[in-house]
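The values are calculated or read from the model by the stated rules, or taken from the named source; none is laboratory data. Small disclaimer: the values here were computed from a predicted structure and weren't measured. Here the Cβ is made from the backbone with ideal geometry for all residues, glycine too, and neighbour counts use every protein chain on show.
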Amino acid sequence: MAWIILIVSGMLEAVWAAALSESNGFRRKGPTILFLVALAASMAGLALAMRTLPTGTAYAVWVGIGATLTVLWGFVTGQERPTVLRGLLILLLVGSVIGLKVVS
């Protein structure tokens, strides 16, 4: 169950990162509220997962999921330019997260 909570928390990290960007320095109410809710839920989930999982592994997986999804969101929205090298690096990051799960 801790792994499921951790994965959802990592996904929420990408949500709050995107919402933070869209909040325009906390000037837009909707994205700011989404940022705060997603941030609180993401941190709470990470804390719950860390009750069972090693801190380093949990944090690395949480950040890896959040970073991967945030970059992919940037590709989808056109905020970042996808390249072959970026794609390979994202695959390496995903592989590292999966590897941490496998060896845990």
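Table: residues versus (1) touching a residue at least 60 places away in the same chain (Cβ under 8 Å); (2) on the phi > 0 side of the Ramachandran plot; (3) part of a loop (DSSP other than H, G, I, E, B); (4) surrounded by fewer than 14 Cβ atoms within 10 Å (Cβ to Cβ).
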{"residue": "Trp3", "(1), (2), (3), (4)": "yes, no, no, no"}
{"residue": "Gly25", "(1), (2), (3), (4)": "no, yes, yes, yes"}
{"residue": "Pro31", "(1), (2), (3), (4)": "no, no, no, no"}
{"residue": "Leu36", "(1), (2), (3), (4)": "no, no, no, no"}
{"residue": "Ala41", "(1), (2), (3), (4)": "no, no, no, no"}
{"residue": "Ala44", "(1), (2), (3), (4)": "no, no, no, yes"}
{"residue": "Thr68", "(1), (2), (3), (4)": "no, no, no, no"}
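Criterion first (of a type in the set (Gly, Ala, Ser), touching a helix residue (DSSP H, G or I) at 6+ places or on another chain (Cβ under 7 Å) and crowded, with 16+ Cβ neighbours inside 10 Å) does Ala18 satisfy it?
It is true that Ala18 is of a type in the set (Gly, Ala, Ser), touching a helix residue (DSSP H, G or I) at 6+ places or on another chain (Cβ under 7 Å) and crowded, with 16+ Cβ neighbours inside 10 Å.
From the list Val71, Val15, Val37, which residue is modelled with pLDDT of 95 or more and farther than 27 Å from Val102 by Cβ?
That would be Val37, the only listed residue that is modelled with pLDDT of 95 or more and farther than 27 Å from Val102 by Cβ.
Given the options Thr55, Thr68, name the one that is of a type in the set (Val, Ile, Thr) and in contact with a helix residue (DSSP H, G or I) (Cβ under 8 Å, 6 or more places away or on another chain).
Thr68
Tell me the residue from Gly64, Gly74 that is part of a helix (DSSP H, G or I), within 30 Å of Met1 (Cβ to Cβ) and small (Gly, Ala, Ser), please.
Gly64
Select from the range 77-104 the residues that are in a helix (DSSP H, G or I) and either basic (Lys, Arg) or on the phi > 0 side of the Ramachandran plot (or both) and list them in ascending order.
Arg86, Lys101
Any chance you could count how many residues in the range 46-61 are surrounded by fewer than 17 Cβ atoms within 10 Å (Cβ to Cβ) and assigned to a helix (DSSP H, G or I)?
6
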